[in-house]
Structure formats: structure tokens, C-alpha cells
Amino acid sequence: MPQIALFNHKGGVSKTTTVFNLGWMLAEKGHRVLIVDSDPQCNLTGMVLGFKGADELESFYEQQGGNTIRSGLAPAFEAQPKSIEAVQAVEVPGRPGLFLLPGDLRLSEYEVTLGIAQELSAAIQALQNLPGSLSFLISKTAQSVSADFVLVDMSPGLGPINQNLVMTSDYLILPTSPDVFSVMAIDSLSRVLPRWKSWANQASSMPVLRDAAYPFPEPKLRVLGTIVQKFRPRKGLPASAFQRWIDESANAVRQRLTPSLQGAGLLLPSEAYVENGVDDSLNLALIADFNSLISRSQEFLTPVFALTAEQLLAVGTVLENAEESRDAFHQQFSALADKVVSMTTTEVE
Ligand SMILES: Nc1ncnc2c1ncn2[C@@H]1O[C@H](COP(=O)(O)OP(=O)(O)OP(=O)(O)O)[C@@H](O)[C@H]1O
Ligand SMILES: [Mg+2]
């Protein structure tokens, strides 16, 4: 049951959209998938369940009996006299086999405490159960729905929750957008990820965390690659303004990210990339702007590639064009899902 984190501390680079779309596609291919909303903004929960505002989210929590990522963690964070159990995941409407572990606005209340627990200082004895609790909860919940894959959506930022979730995942995908900020983000990830890896190595070797009720696992993280998304196409290819940033991102990966990941043992063996058609830019997929399909996708709570002819709300050549575009996205997400399945079943040891 590989756990795949989709992370970039840069905001608005299609992390949430990709968790939903890739999760849906994997489920469409017959896998059972748990998508986890660890972002206190709860965008994934809102996207999947179609909530427009805080009120709707609030009444959903009531119906759910408060079952969210936060309630799941409460036994550890609030020292309750019971152990962490699986959260009741929600089956995503319209896509059997796809399950959501709902997010929670109040998860951010745990951020500071987790940060203290992760400093690996003298304070750790009292907080020893916290660093391992997130991965314990996610794997319990994944087991409860017999998930074959877990995809974790994260908030933008370099806080303790993200550090924890990235380092306790098996794989990492870096969603990016074709602009200068993504190039800068790749550069800072080249510095941050090796630092996080050293921290995780240290944490997992400390007896106080190894002997905790929820032991902090040994880091196994491997980076699968990047997804560059939301470019404007011209005649099927990225328009030149976007191509420039796609090329610059690829250079940043080749020159700075790959060497630093290699040094930290965060890459798969090179054959795993080559055999799956991933070149030295580590790019897994290049996905255009969804354009007019995005509003239909939001309206029908369905990825653009899975919209039916009726949902496209068009006739004649407009419908034909929309169908053509949908089918192209379907093919791209299908190829991405195949790569992810193949790369995550590669033997690393
Ligand atoms: N390929 C695409 N085409 C058009 N719009 C897109 C595409 N991908 C994402 N978007 C839109 O871009 C916005 C940002 O996407 P999304 O919320 O997935 O990013 P994010 O990285 O999760 O953001 P955050 O960092 O705030 O969590 C959303 O409005 C989403 O609908
Ligand atoms: Mg998001």
C-alpha cells in the first residue's frame, strides 16, 4: 500500500486538483485509493464533496460524527485514554473505490505541538507519541478501506505537519506550474528535502520515538518526479512563454534537485525512471490548462477527463471539441497513473 505525498511549498500549483484527478484515475483502473486531506484549508474535502463554504463543511462534520484527520489524531495530541483508530473514510460520490479521509480546519491547532515534538530535544519524552501518530492514523484508515494506494494532499508551506507527512510517505510527487516561482520552489526543495531526510533518519533512530505507542517509521521516501501543469497550449504545444519556464524548471531539476536528492538517497534507481519513460528532467506529466472544462468539472464534482457528454453541456462542434479535449486529458492522466503504478511497484532494496 504505497503512500504518495503530493507536495510543493509553493501554493496554487495543482496539488489538490492532482490528488483528486490521479486518485480518481487509479480508482477507475480498478485500484482502491484513499485520498487524505491534510490541508487545514480543506480544499480537497470541499472539491470532492462540493462544499461552497464553511457552513456546508460544518454541517458535514456534524453528520460525519466529527470524523476527520483531526479527530483521528486527538487521542495522541490530547492525551486521551484511548488509542488512535481508523477514521471513517467517505466514499467519493460517482467513483467507487475512491475514499476520502476528510480534512479539518482545526488541524492547524496541532501544528505547534508537533513542531515542539519534532525538535528532538529533552521535551520529547512527554510528546513521544506525536511524531509517529500521523502515519499510524493514515495507515489504519487505509487498511480500513483496503486501499492499494494512498495519496496525501498537503497545504503549501514548510511547517512541521508537512515535514512529517512527506518524510513518512513512501513516494513524493512534486506538482509545479510553468512560472518563475516554481523554478524558485525547485531550488528551495533541493535544500529542504535533504535536511528533512536527515531529521527523519535521526528521529527514527531515537529510542524514545522507536519505543513510542506510535513509532516514528524509518524514512523510505523516494521522489517519483514532477508534474508541470496549467500551461496554455498553442497548436497542441506549450506557448513559448510557458515553454521557457518548463525548460527552466527542467534545468533546475537537472542541475540542482537531482544531485541533492541523489546525495540524500531520495531517488529510485535510475532504471526505474528510464524504464518508465521519465528523462533527466524527472517530469512525469505535462498537463495543459483545462480551460472551459474546469467549470464543468467543478459543477459536477468530476475530473475533467471523466465528464460525460451530457455534463459537457454542449452540442455540435462545441461538444466535439470538448470531447476531444476531455479524451486527450483522459489519455494523459491514464499514462500518469500507469507510470505511478509501475514506479511504485519497483523493488528498491
Ligand atoms: N490544469 C488546470 N487547468 C486549469 N485550472 C487548473 C488546473 N489545475 C488546477 N487548476 C486550478 O488552479 C487552482 C489551484 O489549483 P489547486 O487548488 O489544485 O492548487 P494547490 O497547489 O492545491 O493550491 P494550494 O497550495 O492553495 O493548496 C484551482 O482553482 C484549480 O481549479
Ligand atoms: Mg491545495
### Query
Looking at residue 45, is it within 16 Å of ligand 2 (Cβ to nearest atom), free of Cβ contacts under 8 Å to residues at least 60 places away in the same chain and not charged (D, E, K, R)?
yes
#### Entry: Residue among 320, 324, 271 that is under 24 Å from residue 221 (Cα atoms), surrounded by fewer than 18 Cβ atoms within 10 Å (Cβ to Cβ) and acidic (Asp, Glu)
271
### Task
Those residues that are more than 15 Å from the chain's Cα centre (by Cα), within 16 Å of ligand 1 (Cβ to nearest atom) and in a loop (DSSP other than H, G, I, E, B), I need them from region 110-159; list them, please.
159
### Message
So, in region 213-249, how many residues would count as being among the hydrophobic types (A, V, I, L, M, F, W, C) and in a strand (DSSP E or B)?
### Response
6
### Query
Which helices (runs of 4 or more DSSP H) sit wholly inside region 27-81 and have at least 1 residues that are among the charged types (D, E, K, R) and buried (at least 19 other Cβ atoms within 10 Å of the Cβ)?
69-77
### Task
List the number of the failed condition for residue 97; all other conditions in (1) in contact with a helix residue (DSSP H, G or I) (Cβ under 8 Å, 6 or more places away or on another chain); (2) closer than 19 Å to residue 6 by Cα hold.
(2)
### Task
Would you be able to say whether some residue in region 190-201 is assigned to a strand (DSSP E or B), of a type in the set (Gly, Ala, Ser), touching a residue at least 40 places away in the same chain (Cβ under 8 Å) and closer than 16 Å to residue 260 by Cβ?
no
### Task
Could you give me the residue pairs with C-beta distances under 6 Å whose first residue belongs to region 154-168 and is free of Cβ contacts under 8 Å to residues at least 24 places away in the same chain and charged (D, E, K, R), whose second residue is buried (at least 22 other Cβ atoms within 10 Å of the Cβ) and in a loop (DSSP other than H, G, I, E, B) wherever it lies, and which are 6+ apart or on separate chains?
none
### Query
Does residue 85 satisfy the criteria of being more than 16 Å from ligand 1 (Cβ to nearest atom) and either in a helix (DSSP H, G or I) or under 22 Å from residue 331 (Cβ atoms) (or both)?
no
### Query
Restricting to region 302-317, what's the tally of residues that are more than 16 Å from ligand 2 (Cβ to nearest atom) and either in contact (Cβ under 8 Å) with a residue 40 or more places away in the chain or assigned to a helix (DSSP H, G or I) (or both)?
6
### Task
Within region 166-183, track down each residue that is within 20 Å of residue 198 (Cα to Cα) and either assigned to a strand (DSSP E or B) or of a type in the set (A, V, I, L, M, F, W, C) (or both).
166, 167, 171, 172, 173, 174
#### Entry: Candidate set: region 1-26, residues that are within 8 Å of ligand 1 (Cβ to nearest atom) and in a loop (DSSP other than H, G, I, E, B); chosen: the one surrounded by the fewest Cβ atoms within 10 Å (Cβ to Cβ)
11
### Message
Restricting to region 170-180, and then to whatever is of a type outside the set (Val, Ile, Thr) and within 18 Å of residue 255 (Cα to Cα), can you tell me which residue is surrounded by the fewest Cβ atoms within 10 Å (Cβ to Cβ)?
### Response
179
### Query
If we scan region 181-197, do we find a residue that is surrounded by fewer than 16 Cβ atoms within 10 Å (Cβ to Cβ), over 30 Å from residue 74 (Cβ atoms), at pLDDT 95 or above and among the hydrophobic types (A, V, I, L, M, F, W, C)?
yes
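The values are calculated or read from the model by the stated rules, or taken from the named source; none is laboratory data. Source: prediction; values computed, not measured. Please note: Cβ atoms are built from the backbone with ideal geometry, for glycine as well, and neighbour counts cover all protein chains shown.
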